[in-house]
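Report on the structure given below.
The values are calculated or read from the model by the stated rules, or taken from the named source; none is laboratory data. Not measured: the values here are computed from a predicted model. As a convention, Cβ positions derive from the backbone with ideal geometry for all residues, glycine included, and neighbour counts pool all protein chains shown.
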2 protein chains.
Amino acid sequence: MSTPSSRADARSNRARIVEAARDAIAAAAPDEELRLNAVAQKAGVGQGTLYRHFPTRADLLVEVYRHDVDDLVALAPVLLETEPPLKALAHWFDRVANYARVKRGVFAALEASVWKDLSAHSLGPIGDALTLLLDAGRATGDIRPDADAHDVIVLIAFLTRLDESEWDERARHLLGIVLDGLRVRVAD
Amino acid sequence: MSTPSSRADARSNRARIVEAARDAIAAAAPDEELRLNAVAQKAGVGQGTLYRHFPTRADLLVEVYRHDVDDLVALAPVLLETEPPLKALAHWFDRVANYARVKRGVFAALEASVWKDLSAHSLGPIGDALTLLLDAGRATGDIRPDADAHDVIVLIAFLTRLDESEWDERARHLLGIVLDGLRVRVAD
DNA sequence: ACCTGAACACCGTTCAAGT
DNA sequence: ACCTGAACACCGTTCAAGT
């Protein structure tokens, strides 16, 4: 996916924009919107240059968190090698929660890219990772067959909204409830 | 809560603002933001007048949907009179979903007012209705004891985000998963 | 090819002047 | 007391002119 851009300055600009955006997100208040003009200024480029490289806000956010998302995606198969599917899913949820806590923007970007992908009838790499986990759980009969990756993404999107102050007491607890909802119910 | 405003024109202005906002929301695209200046213009009042009556955007939205929210709140005890708690909760979810589908703004306002209330360590009337339903379910041993109204509000907030096109296939299905997560698990 | 930054459009919010 | 609407502030977005 490396865009071998024809000019060195273009590549350097692109890198500086991403860096400036990362800094701006880290410095900003929890749910403060990323101000694109400020990013351009910090990066030392014109606004038009930012738009040339990242036509939409989501494009920029996705790039900023590309590595984090990649890590998350790569984790799914690794977990499945050493744990039963249900436990793997639980651990994956934990990891998602961690990312989302440290930098709220990760999940915002994840949501943005997923929504974009939804129109294209694909769930993106995160959807693939989830499908892997859900399929494994279905195979062992632990996870209900009528829940897909799309469902789970929508259900755990609340992580974006949780307030910093209530994170510790609520994030894992709520993910636990969702996990229980995804499990196959034994007859009652 | 009736503010017996000292001037007739003030009351009439307030009413016209609410009416204009309702119309604007009904006419606007699904997730289009409500433009306050446009509301003021439609209502035939100055922008300052709108701000005098509704200092924040949430204040206005809450007022627009006051009756809908009241209905939702009043429904909870009625359901509990004729149905077992778990079924009552399921039906209440259905009703919430209906409101949210027809006018997406209902739920946005509900969320806004709840977030406001959260700071004040209260969950508002919606939280009270939910507490009623959850308590009843706990008493019969159907609903897990470690889930409160706050949890449920956060969990079903996804209704705000669902796209019109996927509503029918997804809203009830996802609410069902949440409901299962809220049930007490029989030993497995 | 790519970049710059002035300029435009759009909204939210305030406040001095009116009634 | 309450209202008006011009004015300000702020951002996103475009595009003619530069290199």
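Is there a residue being on the phi < 0 side of the Ramachandran plot, near DNA strand C (Cβ under 10 Å from one of its atoms) and of a type in the set (Lys, Arg) anywhere in the stretch B:53-61? Yes, the stretch B:53-61 contains a residue that is on the phi < 0 side of the Ramachandran plot, near DNA strand C (Cβ under 10 Å from one of its atoms) and of a type in the set (Lys, Arg). If we keep just the residues of the stretch A:175-188 that are facing chain B (nearest Cβ under 7 Å) and over 18 Å from the mean Cα position of the chain (by Cα), which is modelled with the lowest pLDDT? The extreme case among them is A:ASP188.
Of the candidates A:SER113, A:SER122, the single residue that is away from chain B (no Cβ under 14 Å) and either in a helix (DSSP H, G or I) or surrounded by 20 or more Cβ atoms within 10 Å (Cβ to Cβ) (or both) is A:SER113. Against the test of being within 14 Å of another protein chain (Cβ to nearest Cβ), away from DNA strand D (no atom under 16 Å from the Cβ) and out of contact with any Cys (no Cβ under 9 Å at 6 or more places or on another chain), the options B:ALA27, B:ALA90 yield a single qualifying residue, B:ALA90.
Take the stretch B:48-62 and flag every residue that is of a type in the set (D, E, K, R) and within 15 Å of DNA strand D (Cβ to nearest atom). Hits for the stretch B:48-62 are B:ARG52, B:ASP59. Going by what's in this entry, would B:GLU81 be described as surrounded by fewer than 16 Cβ atoms within 10 Å (Cβ to Cβ) and either away from DNA strand D (no atom under 16 Å from the Cβ) or not in a helix (DSSP H, G or I) (or both)? The answer is yes for B:GLU81. Here A:PHE107 does not fit the description of being under 17 Å from the mean Cα position of the chain (by Cα), under 21 Å from A:ALA171 (Cα atoms), buried (at least 20 other Cβ atoms within 10 Å of the Cβ) and modelled with pLDDT of 95 or more.
Scanning the stretch B:130-174 for residues that are more than 10 Å from chain A (Cβ to nearest Cβ), exposed (fewer than 13 other Cβ atoms within 10 Å of the Cβ) and outside any helix (DSSP H, G or I) gives B:THR140, B:GLY141, B:PRO145. Just a yes or no: is a residue in the stretch A:98-108 within 16 Å of DNA strand D (Cβ to nearest atom), in contact (Cβ under 8 Å) with a residue 12 or more places away in the chain and not polar (S, T, N, Q)? Yes, the conditions are met somewhere in the stretch A:98-108.
Residues that are more than 16 Å from DNA strand C (Cβ to nearest atom) and loosely packed, with under 14 Cβ neighbours inside 10 Å: does the stretch A:29-47 have at least one? Within the stretch A:29-47, one or more residues are more than 16 Å from DNA strand C (Cβ to nearest atom) and loosely packed, with under 14 Cβ neighbours inside 10 Å.
Residues in the stretch A:63-78 that are among the hydrophobic types (A, V, I, L, M, F, W, C) and out of contact with any Phe, Trp or Tyr (no Cβ under 8 Å at 6 or more places or on another chain) were compared, and the one that is farthest from DNA strand D (Cβ to nearest atom) is A:VAL78.
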